[in-house]
Amino acid sequence: MIIDLIKKNKTLRQLILGIIIFGVVVELLIIICTKQRVYNSIGLIIGIIASIGCAVHMAYGIDIAVMLDEKSAIAYTRKYTVIRYLILCVVLIVVGVTDIGSPVTLIFGYLGLKAGAYLTPIINKFGGR
């Protein structure tokens with residue numbers, strides 16, 4: 001189901017590619033600028049995975065919301081947004097408590113969702129599939 005959604009949704013594929021490009025750039029900065037490379041990289045990777053998961057969840061929610069009437073679509077979209085933020089909070093708390101990775105770089109990885117959205121038109125311009 002998730003693979004089918006990614007296959008049929010070109011914008012979602014471009015968004016995921018943008019998130020990955022952002023992640024690679026931030027990873028290079030981590031390698032160059034930090035001393036705790038593994039710790040910071042683990043946080044970044046968890047954030048990137050969460051970001052990609054949120055992108056897929058968002059696309060799935062939008063596919064359903066467009067089939068609903070306006071009032072139901074708004075309620076449905078709000079519910080899905082709250083679910084995404086709660087999942088991010090849980091992941092952030094788990095990473096912070098277990099100390100398996102940097103919570104700061106996790107947030108940077110999650111911000112890859114925003115960076116990916118800004119990169120999508122550029123990827124589309126260069127023929128990103």
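Anything in segment 25-53 that is under 12 Å from ALA115 (Cα atoms) and open to solvent by 70 Å² or more (accessible area, probe 1.4 Å)? List them, or say none.
Passing the criteria: only VAL25.
Those residues that are touching a Leu at 6+ places or on another chain (Cβ under 8 Å) and among the acidic types (Asp, Glu), I need them from segment 1-51; list them, please.
GLU27, the sole residue that qualifies.
Filter segment 38-81 down to residues that are of a type in the set (D, E, K, R) and in contact with an Asp or Glu (Cβ under 9 Å, 6 or more places away or on another chain), then give me how many there are. Lay out the reasoning, then the answer.
Looking only at segment 38-81, we keep the residues that are of a type in the set (D, E, K, R), and these are 63, 69-71, 78-79.
The next check asks that each one be in contact with an Asp or Glu (Cβ under 9 Å, 6 or more places away or on another chain); those that pass are none.
Number satisfying all stated conditions: 0.
May I ask you to verify whether ASP69 is charged (D, E, K, R), more than 23 Å from GLY23 (Cβ to Cβ) and open to solvent by 50 Å² or more (accessible area, probe 1.4 Å)? Don't jump to the end; show me each part of the working.
Values: charged (D, E, K, R): yes; more than 23 Å from GLY23 (Cβ to Cβ): yes; open to solvent by 50 Å² or more (accessible area, probe 1.4 Å): yes.
Against the criterion (charged (D, E, K, R), more than 23 Å from GLY23 (Cβ to Cβ) and open to solvent by 50 Å² or more (accessible area, probe 1.4 Å)), ASP69 qualifies.
Which condition number in (1) in contact with a helix residue (DSSP H, G or I) (Cβ under 8 Å, 6 or more places away or on another chain); (2) over 18 Å from ALA55 (Cβ atoms); (3) in a helix (DSSP H, G or I) is the one that VAL94 fails?
Every condition holds for VAL94 apart from (1).
How about segment 97-129: which of its residues are free of Cβ contacts under 8 Å to residues at least 24 places away in the same chain and not in a helix (DSSP H, G or I)?
Those that are free of Cβ contacts under 8 Å to residues at least 24 places away in the same chain and not in a helix (DSSP H, G or I): ASP99, PHE126, GLY127.
Is there a residue in segment 78-87 that is open to solvent by less than 40 Å² (accessible area, probe 1.4 Å), out of contact with any Gly (no Cβ under 7 Å at 6 or more places or on another chain) and touching a residue at least 40 places away in the same chain (Cβ under 8 Å)? Give the derivation first.
Taking segment 78-87 and keeping what is open to solvent by less than 40 Å² (accessible area, probe 1.4 Å), we get 80, 84.
Then keep just the ones that are out of contact with any Gly (no Cβ under 7 Å at 6 or more places or on another chain); that gives 84.
Pick out the ones that are also touching a residue at least 40 places away in the same chain (Cβ under 8 Å) and you get none.
No: zero hits.
The values are calculated or read from the model by the stated rules, or taken from the named source; none is laboratory data. The structure displayed is predicted, hence computed values, not measured ones. Cβ atoms come from the backbone with ideal geometry, glycine included; neighbour counts cover every protein chain shown. Surface areas here come from the heavy atoms of the whole protein model, side chains and all, with no ligands, DNA or RNA. Shrake-Rupley method; radii C 1.70, N 1.55, O 1.52, S 1.80 Å.
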